[in-house]
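Asker: Below is one structure. I have some questions about it.
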Amino acid sequence: MTEALRVVQPGLFTTIQDIGRPQAIAAGVPPGGAMDRFAHSAANMLVGNERGAATLECTLSGPYLVAERDCLIAITGADLDPHVNGASVPGWTGVLLAAGDELTFGRRRTGARAYVAVGGGVAGDRWLGSMSTNLMCGRGGMDGRALISGDVISVHDSTVPLIAGRTMSEHLRPRYEERTLHAIAGPHFTRLQPESRQALFEATYAVSHDSNRMGYRLEGARLDAPGDELLSFGLVAGVVQLPSGGQPILLMADHQTAGGYPIVATVASASMPIAAQLAPGDELRFTETSIEVALALRADQRAALESLTN
Amino acid sequence: MPPQRSPVKIRVHPLGDAAVLAELGTRLDTALNTRAIALAAALKKRRDVRQAVAGHASVTVQFDPDQVTHGALAAAIRRLAAKRPPMEEPGRLHRIPVVYDGPDLVAVAAKLGLSPEQVIEHHGRPIYRAFLIGFVPGWAYLGPLPEELVLPRRSVPRTQVPAGSVAIAGHQTGVYPLVSPGGWHLIGRTSVRLFLPDSDPPSLFRAGDRVKFFPVPE
């Protein structure tokens, strides 16, 4: 392990994330992991890492980092206007930093979460099989918390050559600006009143300011799903649950592991990267999709990632 | 012995393109929960299944759609659920000391037409089953609660419930492992730690365990 990047300023909320700890849900621990798995995987692949290596997830405003030694980085996901030594650098591209180089970010242009991968893979505390930061439990990543000024980010030693300039072409990246999420009707969709069924797939919802990595509260048309209280069941990221108030909640990476609210829809896995890039205040729509279409979109996305392995 | 046909009717709903919710029933029932836990364990052994977690009377299954279709997985779930469940090993028994001085104890007793002492007595009587672990790390849904204690949840949830609070709601009881919001009635507290972040698994209780509460003065 080698020290690679020093944190001068941490940005609004920057955490170490990998692909999470799905097996820990049996103990009630959220699975966690990068919100935008596509951008996270792509960033890793652009620097020659395994897809599941840990990266930095930078929320809304990026950090100010200084390279402690030469290292290869790639920045994907949200466009937070990255610069190296004051000069703009492209996203979705491997960039070589020399010792002393400064990585900074400007104004947010699109998306909510940028991923910074470092050749070798970011090294963090491993907890229950994952380096993902879990704030509630104060475990994983950097001492179980978001980065603060003065932290030093280490990377695993790697024998992979540092090749800068590998890039993902624009047409293969998710269209983050679309903000229409493909969704499949959920187990309790039939509880919805007819007007609510229509509203779910037609109305525009806004991501409330009371939204985070656990889930997004959605503000918009009120939905009604009367019926008996449900027994609790296991939850997955992407489900749209409907509490009694009628305002749906979209569960994200740090979601609670079980609950008993009706599930009216589940976002297609291929749309989760787009969901991950929504910021509080952004609007979204759900469009009803079949499982077949969702699987085709998923396959397209995987093919886009696999094009990076060549 | 040939596998016995089960009376359990199972409904398999898609949860998006890579997960399903298999419902075995809609009642809070120890036998259904036993079957759900056995089904989750059997499903976890499949290569095409990434994760299977039992609910009260259901299993949430995350699978790899490159290896199996929804239809084929649903058929496999029905096949597994129809098999006679393996003899259940008795869960571990936990004895949990409780100081019954919760902020809702007096109000709960009044609503139920009982004295606080009777509430304490009823709560300590059964050996509860841990139906499922979830909601927050280390939380266990325990039940069934004696009929005498059944109350709807608080109409206004608390924004902060202290860790260790012993609570009841509906037909269930539980202990808050961490400071968290909560809508259950707080009748006492325990010093036993339920969330063990440095153990693996990090939860004292596991699904299928048995829990008995007993009163202590302080």
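The values are calculated or read from the model by the stated rules, or taken from the named source; none is laboratory data. This is a predicted model, so every value here is computed, not measured. Here the Cβ is made from the backbone with ideal geometry for all residues, glycine too, and neighbour counts use every protein chain on show.
Asker: Mind listing whichever residues of segment B:172-217 are surrounded by fewer than 21 Cβ atoms within 10 Å (Cβ to Cβ), part of a loop (DSSP other than H, G, I, E, B) and of a type in the set (A, V, I, L, M, F, W, C)?
Answerer: Those that are surrounded by fewer than 21 Cβ atoms within 10 Å (Cβ to Cβ), part of a loop (DSSP other than H, G, I, E, B) and of a type in the set (A, V, I, L, M, F, W, C): B:LEU178, B:VAL179, B:VAL192, B:LEU196, B:VAL216.
Asker: Return the total of residues in segment B:85-122 being touching a residue at least 60 places away in the same chain (Cβ under 8 Å) and touching a Ser or Thr at 6+ places or on another chain (Cβ under 7 Å).
Answerer: 5
Asker: So if I check each of B:ILE96, B:ILE37, which one is hydrophobic (A, V, I, L, M, F, W, C) and within 13 Å of another protein chain (Cβ to nearest Cβ)?
Answerer: The conditions single out B:ILE37.
Asker: I'd like to verify a number: residues in segment B:54-72 that are surrounded by fewer than 20 Cβ atoms within 10 Å (Cβ to Cβ) and more than 7 Å from every other protein chain (Cβ to nearest Cβ), how many?
Answerer: Total satisfying the criteria: 7.
Asker: Could you tell me which residue of segment B:107-133 is farthest from B:ARG206 (Cα to Cα), considering only residues that are within 14 Å of chain A (Cβ to nearest Cβ), in contact with a helix residue (DSSP H, G or I) (Cβ under 7 Å, 6 or more places away or on another chain) and not charged (D, E, K, R)?
Answerer: Per the stated criteria, the residue is B:PHE131.
Asker: Quick check on segment A:18-37. Is at least one of its residues in contact with a Leu (Cβ under 8 Å, 6 or more places away or on another chain), closer than 22 Å to A:THR110 by Cα and in the same structural domain as A:GLY121 (by TED's automatic domain parsing)?
Answerer: Among the residues of segment A:18-37, not one is in contact with a Leu (Cβ under 8 Å, 6 or more places away or on another chain), closer than 22 Å to A:THR110 by Cα and in the same structural domain as A:GLY121 (by TED's automatic domain parsing), which makes the answer no.
Asker: Checking A:SER271 against (1) over 23 Å from the mean Cα position of the chain (by Cα); (2) crowded, with 24+ Cβ neighbours inside 10 Å, only one condition comes out false. Which one?
Answerer: (1)
Asker: Tell me, yes or no, whether segment B:135-154 has at least one residue that is outside any loop (DSSP other than H, G, I, E, B) and among the small types (Gly, Ala, Ser).
Answerer: Of segment B:135-154, the ones outside any loop (DSSP other than H, G, I, E, B) are B:140-143, B:147-149, B:151.
Subset that is among the small types (Gly, Ala, Ser): B:140, B:143.
Checked segment B:135-154: at least one residue is outside any loop (DSSP other than H, G, I, E, B) and among the small types (Gly, Ala, Ser).
Asker: Identify all residues within segment A:238-264 that are within 11 Å of chain B (Cβ to nearest Cβ) and touching an Asp or Glu at 6+ places or on another chain (Cβ under 8 Å); write none if there are none.
Answerer: If the condition is that a residue be within 11 Å of chain B (Cβ to nearest Cβ) and touching an Asp or Glu at 6+ places or on another chain (Cβ under 8 Å), then A:GLY260 is the only one that fits.
Asker: Another one. Taking the condition more than 24 Å from the chain's Cα centre (by Cα), within 14 Å of chain B (Cβ to nearest Cβ), surrounded by fewer than 22 Cβ atoms within 10 Å (Cβ to Cβ) and closer than 30 Å to A:ARG21 by Cβ, does A:LEU135 pass? Write out each step before concluding.
Answerer: Values: more than 24 Å from the chain's Cα centre (by Cα): no; within 14 Å of chain B (Cβ to nearest Cβ): yes; surrounded by fewer than 22 Cβ atoms within 10 Å (Cβ to Cβ): yes; closer than 30 Å to A:ARG21 by Cβ: yes.
So A:LEU135 fails the test.
Asker: Here's something else I'd like to know. Cβ-Cβ below 9 Å, separation at least six or inter-chain, first residue in segment A:149-172 and touching a residue at least 60 places away in the same chain (Cβ under 8 Å), second exposed (fewer than 11 other Cβ atoms within 10 Å of the Cβ): which pairs?
Answerer: What qualifies is A:SER154/A:MET1; A:VAL155/A:MET1; A:HIS156/A:MET1; A:ASP157/A:MET1; A:LEU172/A:ALA303.
Asker: Name the single residue that is surrounded by the fewest Cβ atoms within 10 Å (Cβ to Cβ) among those in segment A:208-227 being in contact with a His (Cβ under 9 Å, 6 or more places away or on another chain) and outside any loop (DSSP other than H, G, I, E, B).
Answerer: The extreme case among them is A:ARG217.
Asker: Another question, then. I'd like the full set of residues that are more than 14 Å from B:TRP139 (Cβ to Cβ) and either over 14 Å from the mean Cα position of the chain (by Cα) or within 12 Å of chain B (Cβ to nearest Cβ) (or both), limited to segment A:20-36.
Answerer: A:GLY20, A:ARG21, A:PRO22, A:GLN23, A:PRO31, A:GLY32
Asker: Tally time: how many residues in segment A:119-144 are in a strand (DSSP E or B) and in contact with a Leu (Cβ under 7 Å, 6 or more places away or on another chain)? Before you say what the answer is, go through the steps one by one.
Answerer: Of segment A:119-144, the ones in a strand (DSSP E or B) are A:122-123, A:125, A:127, A:130, A:134, A:139, A:141-142.
Going one step further and asking which of them are in contact with a Leu (Cβ under 7 Å, 6 or more places away or on another chain), we end up with A:122.
Matching residues across segment A:119-144 total 1.
Asker: Taking segment A:153-191, which residues are hydroxyl-bearing (Ser, Thr, Tyr) and over 23 Å from A:GLU306 (Cα atoms)?
Answerer: Residues satisfying the conditions are A:SER154, A:THR180, A:THR190.
Asker: Residues in segment A:117-129: is at least one over 25 Å from A:ASP157 (Cβ atoms), aromatic (Phe, Trp, Tyr) and either at pLDDT 95 or above or assigned by TED's automatic domain parsing to the domain that holds A:TYR216 (or both)? Working first, answer last.
Answerer: In the first step, residues of segment A:117-129 are kept if they are over 25 Å from A:ASP157 (Cβ atoms); the result is none.
For segment A:117-129, residues over 25 Å from A:ASP157 (Cβ atoms), aromatic (Phe, Trp, Tyr) and either at pLDDT 95 or above or assigned by TED's automatic domain parsing to the domain that holds A:TYR216 (or both): absent.
Asker: Name the residue that is surrounded by the most Cβ atoms within 10 Å (Cβ to Cβ), counting only residues in segment B:146-170 that are within 18 Å of A:LEU230 (Cβ to Cβ) and either modelled with pLDDT of 95 or more or of a type in the set (A, V, I, L, M, F, W, C) (or both).
Answerer: B:ALA169
Asker: Applying the selection to segment A:279-310, what residues are within 19 Å of A:GLY186 (Cα to Cα) and touching a Leu at 6+ places or on another chain (Cβ under 9 Å)?
Answerer: A:LEU284, A:ARG285, A:PHE286, A:THR287, A:GLU288, A:THR289
Asker: Does B:GLN51 count as at pLDDT 95 or above and within 9 Å of another protein chain (Cβ to nearest Cβ)?
Answerer: yes
Asker: Residues in segment A:212-237 that are aliphatic (A, V, I, L, M), within 26 Å of the chain's Cα centre (by Cα) and within 8 Å of chain B (Cβ to nearest Cβ): how many?
Answerer: Adding up the residues that qualify gives 2.
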